[in-house]
Amino acid sequence: MEDKKFESETTKLWELYQKGLQFQSNIEMKTKANLAVDFAEGRQWPASTEKTKNLPRPVLNIIKLIESNKKSNILSSSIKMVFKPTEIKEIDEEVGTDGADKFTKFAGYVSKDLKQQDLDDKAITDAIRKGSYIYHYFWDSEKYGNTSKYSGGLNGEIIDALNVFFSNPNEKDEQKQKWIMVSSRENIESLKKLAEVNKIPKQNIDEITSEDNSEVNYDKKEQENEQFTTVLTRYFRINGEVFFEKATKNVVVQPATALTPNVVKLKAKNDNVIEEDEADTNPDIGAEDNKQYKMNLYPIVIGQWEEKEDNIYGRSLVEELIPNQKAINFNYAMTLLSIQNIGFPKIKIRKDALKGKNITNAPGEVITDYSPDGNGITYMTPPPFSSGPIQVTDSIIDKTRAFNGATEVVSGEVLGANMSGSAIAALQTQAKVPIEVMQKKFWRVHEKIARVWEQFFKIYYNDDRTFIFQENGKDEQENFNGTEYQDVEFSSTIEIGAGSMYSEVASVTVLENMYQKGDITFDQYIELYPTNLMPFKEELKRMRQKERLPDEISQMIMQNPQIYEEVMMIIQQAQTPLQGIPGQALNQSMPII
């Protein structure tokens, strides 16, 4: 009986995995992704043959340039998750508002803790190259090791789209899938330990053996002397609650378990693997019923660069650029070959003109022509060099950049040194209009991420942990226990920060205008000046503070018009010799009132 159960579970998962691989093969997903990665990383020429071994192989990686522009524009805005109460059960409005405020602050802390910006960077790279990007969040009980009093924290990763499979690839909403499966390569020893923890029979554990990496993508190499095998992790729902299970090709290492912690493992009907239809409909199987709040969202969020018709996997940008990239490389290769032929033309030699000697092409080499008429050695005149291919290639580059929103304005290549910050920002904002569609799609994906985080906050963060956040420019400290707000229904939105990479330059322009008009003092000007554009700000503030008169004297002078006029007259007289010398008026050593 045990053997039948074991065989049924592993066979079921492996069959689902093979169906997923077949679907990806039907749409040539792996072939296109591997080619896109090669071109983005500069591997743009096939292996040389005997006939092409002398052909120049230049790589003008226009794909990398466009990718960098797209990434910088999409990621230029800061993203902040904001929670608001929507439905409150048996609690007052103040509790809901307080919870939303805490969830918003804690989300900012968690974002830094799990390095969400690094995940976003990898996600957009995957989107541009492979068409889809997939976030996976999980509770990492060993995240802080022994260095913290808290037992774990939320963690995340970007999973390659080639390693994620869906029950219905034609359904674009990941939360409507009956199951989602992730394949990975994991170490044999760690899998055996996991199986032991889950009390898998020893005879089954002994069957966890290493397998070849024929299914590994992008020709990844695995470390020698390490044994790996393919592991399948499947998420699915029972009565609306998310469960997961893990298995190799032959062994179940993690029986079906509720994603909500502190729950007994699933007891499947008749000790068989759960069929996908039965999982959502059979009331006799499921986790304990005494949990008030359950994980009902898959911890996986998918986004696409461009959507395909009736397909959850997206279409990449690099896929469209590869033909242009090939043409650019080939045209420059032909041009370089032409120059090479002119610099090193072929030599035509009559029989016995050299009497067995060889020409080495060494500079200054003396060659003796033994032919009777002295014309036994001649150069073969190559065809004249044409500038036409270069002009066509430059036109292809310009049009490729224009059609993909990666013009010189966006990249900052043509911005004048004397342009104001606001003018620069306006130019770039106008030029970035084509990318706004992709950017807003990316922001909507973060709204889905916020819903997933909310679940982890309400269930896993139950230890009143202390976290640090910034408010009004100061570090503040607060305690967080998400379980206290399980009865509060939140809605999540995204707030976007400054989008222009030149926003600080524009801010400086505004400050300068206000200072010149007398709307702010010089000290206020220094205080508001962006710190990264004035790295010596604090030192300058300290220097001016030393020159400042004591507050009681300054107040006495300001309150007495006669004294104030006399002091200002003295200062003006002291500054008179310095007029016309740039910067000297600000550096004068008179005390500051």
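The values are calculated or read from the model by the stated rules, or taken from the named source; none is laboratory data. Since the model is a prediction, treat every value here as computed from it, not as a measurement. Note that we place each Cβ from the backbone using ideal geometry, even for glycine, and neighbour counts take in every protein chain shown. All accessible areas refer to the heavy atoms of the entire protein, side chains included, with ligands and DNA or RNA removed. Shrake-Rupley method; radii C 1.70, N 1.55, O 1.52, S 1.80 Å.
Brief remarks on what is shown
- The stretch 38-62, residues that are polar (S, T, N, Q) and closer than 18 Å to Thr393 by Cα: Gln44, Asn61
Conditions tested, residue by residue: (1) without any contact (Cβ under 8 Å) to a residue 24 or more places away in the chain; (2) assigned to a strand (DSSP E or B); (3) charged (D, E, K, R).
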{"residue": "Tyr293", "(1), (2), (3)": "no, no, no"}
{"residue": "Gly303", "(1), (2), (3)": "no, yes, no"}
{"residue": "Tyr313", "(1), (2), (3)": "no, yes, no"}
{"residue": "Lys326", "(1), (2), (3)": "no, no, yes"}
{"residue": "Leu336", "(1), (2), (3)": "no, no, no"}
{"residue": "Lys348", "(1), (2), (3)": "no, yes, yes"}
{"residue": "Asn358", "(1), (2), (3)": "yes, no, no"}
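- Residue that is at pLDDT below 90, closer than 25 Å to Pro299 by Cα and surrounded by fewer than 21 Cβ atoms within 10 Å (Cβ to Cβ), where the choices are Asn270, Asn217: Asn217
- Residues in the stretch 173-192 that are of a type in the set (A, V, I, L, M, F, W, C) and buried (at least 17 other Cβ atoms within 10 Å of the Cβ): Trp179, Ile180, Met181, Val182, Leu191.
- Residues in the stretch 363-407 that are more than 17 Å from Phe330 (Cβ to Cβ) and more than 35 Å from the chain's Cα centre (by Cα): 22 in all.
- When the stretch 361-388 is filtered for residues that are in a loop (DSSP other than H, G, I, E, B) and closer than 30 Å to Ala327 by Cα, the ones remaining, listed by number, are Met380, Thr381, Pro382, Pro383, Pro384, Phe385, Ser386, Ser387.
- If you go through the stretch 30-87 and pick out every residue that is among the basic types (Lys, Arg) and closer than 25 Å to Glu436 by Cα, you end up with 4.
- Enumeration of residues in the stretch 199-208 that are farther than 16 Å from Val231 by Cα and either within 35 Å of the chain's Cα centre (by Cα) or not in a loop (DSSP other than H, G, I, E, B) (or both): Lys202, Gln203
- Screening the stretch 360-389 for residues that are out of contact with any helix residue (DSSP H, G or I) (no Cβ under 6 Å at 6 or more places or on another chain) and in contact (Cβ under 8 Å) with a residue 40 or more places away in the chain and picking the one that is least open to solvent (accessible area, probe 1.4 Å) gives Ser386.
- Among residues of the stretch 133-158 that are more than 20 Å from Tyr235 (Cα to Cα) and touching a residue at least 12 places away in the same chain (Cβ under 8 Å), those with a beta-carbon under 7 Å from a residue that is in a loop (DSSP other than H, G, I, E, B) and of a type in the set (S, T, N, Q) at least six positions away or on a different chain give the pairs Ser151/Ser141; Gly152/Ser141.
- Matching entry among Lys64, Lys84 (being open to solvent by 20 Å² or more (accessible area, probe 1.4 Å) and in contact with a strand residue (DSSP E or B) (Cβ under 7 Å, 6 or more places away or on another chain)): Lys84
- The selection criterion, being of a type in the set (A, V, I, L, M, F, W, C), surrounded by 13 or more Cβ atoms within 10 Å (Cβ to Cβ) and modelled with pLDDT of 90 or more, does not hold for Ala195.
- Count - residues of the stretch 227-264 that are in a loop (DSSP other than H, G, I, E, B), surrounded by fewer than 22 Cβ atoms within 10 Å (Cβ to Cβ) and touching a residue at least 12 places away in the same chain (Cβ under 8 Å): 9
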